[in-house]
Each structure stands twice: as C-alpha cells, then as structure tokens.
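Here is the structure we will look at.
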Amino acid sequence: MSNDDVYAAGLLNRALDPATQPADVRAFLRAELELLRGRVRNGMRVLDVGCGTGRHLLLIGERLALGVGVDYERSYIAEAQLQAGDRPLHFITGDATLIPLATRFDLAVCLTNTWGTMSDKQGVLAEMARLAPQPGTRLISVYSTQSVSARREWYRRLGHTVTEETSEYLATNGGFRSEHFSEPRLRVLLGDCTITPLTDIAYAVTF
Ligand SMILES: C[S@@+](CC[C@H](N)C(=O)[O-])C[C@H]1O[C@@H](n2cnc3c(N)ncnc32)[C@H](O)[C@@H]1O
C-alpha cells in the first residue's frame with residue numbers, strides 16, 4: 001500500500017480524532033491552529049494544498065474573501081464541501097503538483113506535515129509559489145526530527161506499526177510513509193526560507 005491507498009482507506013479521520021493523539025501531537029495541532037488564525041487577515045484569499053477534509057479553511061472561512069482547498073482524495077473533498085455552507089469556500093479534487101487553478105492567492109498553506117507525505121516535494125513548492133507569487137506568503141508546517149517517538153505512538157494507536165525508521169522518515173506496515181526534517185535539510189529543500197519551531201516536534205516554514 002502507498003500513502004494514496006492509506007488516505008483512501010480513511011486514515012485522516014481516525015488520525016484527527018483527539019483520542020488517538022499523544023499529548024505532543026495534540027499540542028502541535030493546537031499551535032498550528034493558533035498560527036493560522038494569527039496569520040490570516042480579513043478579506044484574504046487563501047489556498048490550502050492537501051486540505052484533507054478542510055478543517056483549516058473551515059476554521060477561518062468566515063474571514064476570507066476566498067478559500068480554496070485541493071486534495072487528491074475525492075471523499076475528503078466531498079466531506080469538506082458539505083461543511084462549507086454559504087462561506088466563500090471551494091474544495092476541489094486535484095493533485096498538489098498540478099493544481100487546476102489560474103487565480104492568485106494572498107496565502108498558500110500546506111499544513112500538518114502534509115508536505116512531508118508528498119513524493120514530489122519540489123513540484124508542490126512550485127505550485128504554491130505559482131499561485132501565491134509573493135515571497136513570504138507560502139506557509140508549510142512539518143515534523144522535526146524530535147517528533148519521532150510521538151508519531152511512533154500515534155501510528156501504533158492507529159494500527160500502523162512502524163517498520164522502518166531513518167533520519168528522514170518513518171514507514172509503517174500499513175503502507176504509510178511520513179517524513180521529518182532537520183533545519184539544514186529544510187534549507188537544502190526550500191532554499192531561502194524562514195524556519196520557526198512550532199512546539200517541540202515541528203517547524204513552521206515560510207518561503
Ligand atoms: C496529513 S493529511 C492532512 C490533511 C489536512 N491538511 C489536515 O491537516 O487536516 C495529508 C493530506 O494530503 C493529501 N495528499 C497527499 N498527497 C497529495 C497530492 N499529491 N495531491 C493532493 N493531495 C495530496 C492526502 O489525501 C491527505 O488528505
């Protein structure tokens with residue numbers, strides 16, 4: 001199984017259930033929501049790449065002029081669209097490396113280590129930069145190397161035993177592969193960027 005299969009089998013909804021989350025992971029997810037709330041200004045146009053079931057855009061939707069979420073898992077997009085109500089939010093099925101949009105955004109985000117689960121990392125960064133062309137308006141959050149033990153426990157609770165651990169990723173018997181990053185590695189992958197610790201287990205990176 002690959003990450004696509006694992007997401008199609010509904011991993012995300014179980015992973016977002018706080019009952020499955022170790023305390024460090026819960027703290028990171030909370031800090032990320034605060035970061036996003038603080039970053040968004042009224043009337044912004046925001047793109048969420050790998051939006052899953054849309055929880056980040058749904059959180060800030062009232063304040064936006066436009067929010068668009070993109071995810072390749074059709075069932076997540078359907079769930080997000082159901083929740084959107086009459087807010088200016090749109091959710092589309094598509095690949096993060098070939099986003100079917102030509103409009104411009106004030107902010108592009110790729111949160112909760114979504115970028116760390118994507119295979120073509122440079123392709124995703126290029127799409128974020130194309131759609132949010134102003135430097136400093138692209139935000140990703142990723143796990144740091146300090147996240148390994150919390151994630152091992154989280155995956156165990158989700159029924160995925162870690163079968164491989166390297167300095168760059170964890171892989172599980174359920175077919176899931178999720179990366180973690182040191183600051184030097186982030187600088188190699190992203191070039192000019194600003195890296196800020198986000199709790200003890202993650203970084204917020206703007207570029
Ligand atoms: C870790 S989940 C996070 C979802 C959401 N950002 C959240 O925090 O709730 C990663 C998401 O990225 C999506 N995804 C992974 N690779 C993708 C790709 N190449 N194109 C579009 N979506 C992708 C998955 O379907 C999944 O919904």
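Please treat every number below as a calculation from the coordinates, not as lab data. Small disclaimer: the values here were computed from a predicted structure and weren't measured. We place every Cβ from the backbone using ideal geometry, glycine too, and count neighbours over all the protein chains shown.
Observations, loosely collected:
- GNM flexibility winner over the chain from ALA78, ALA96, ALA19 (Cα, springs under 10 Å): ALA19
- Approximating the spin labels as points 7 Å out from Cα along Cα→Cβ, the ARG87-to-ARG41 distance works out to 2.1 nm.
- Helical contribution to [θ] at 222 nm, DSSP H n ≥ 4, -39,500 (n - 2.57), averaged over the chain, rounded to 500: -10000 deg cm²/dmol
- With both residues required to sit in segment 67-156, DSSP beta bridges show an antiparallel share near 10%.
- Interchain or long-range residues, amide H under 5 Å from CYS51's placed H: VAL70, ASP71
- Simple rule: put +1 on each Lys or Arg Cβ and -1 on each Asp or Glu Cβ in segment 1-140, find the dipole, and look at ALA129, GLY52, HIS90; the Cα lying farthest toward the positive end is ALA129.
- Among GLY50, GLY174, GLY69, the largest mean-square fluctuation in a Gaussian network model of the chain, built with springs joining Cα atoms closer than 10 Å, belongs to GLY174.
- By DSSP, the beta bridges lying fully in the chain are antiparallel in about 50 percent of cases.
- Of all DSSP beta bridges in segment 27-118, antiparallel share, percent nearest 5: 5 percent
- Amide H to amide H distances under 5 Å link HIS90 with GLY67, VAL68, GLY69, where only residues 5 or more positions off or on other chains count and H is placed in the peptide plane.
- The H on the amide N of THR112, modeled in the peptide plane, is under 5 Å from the matching H of SER141, each at least 5 residues off or on a different chain.
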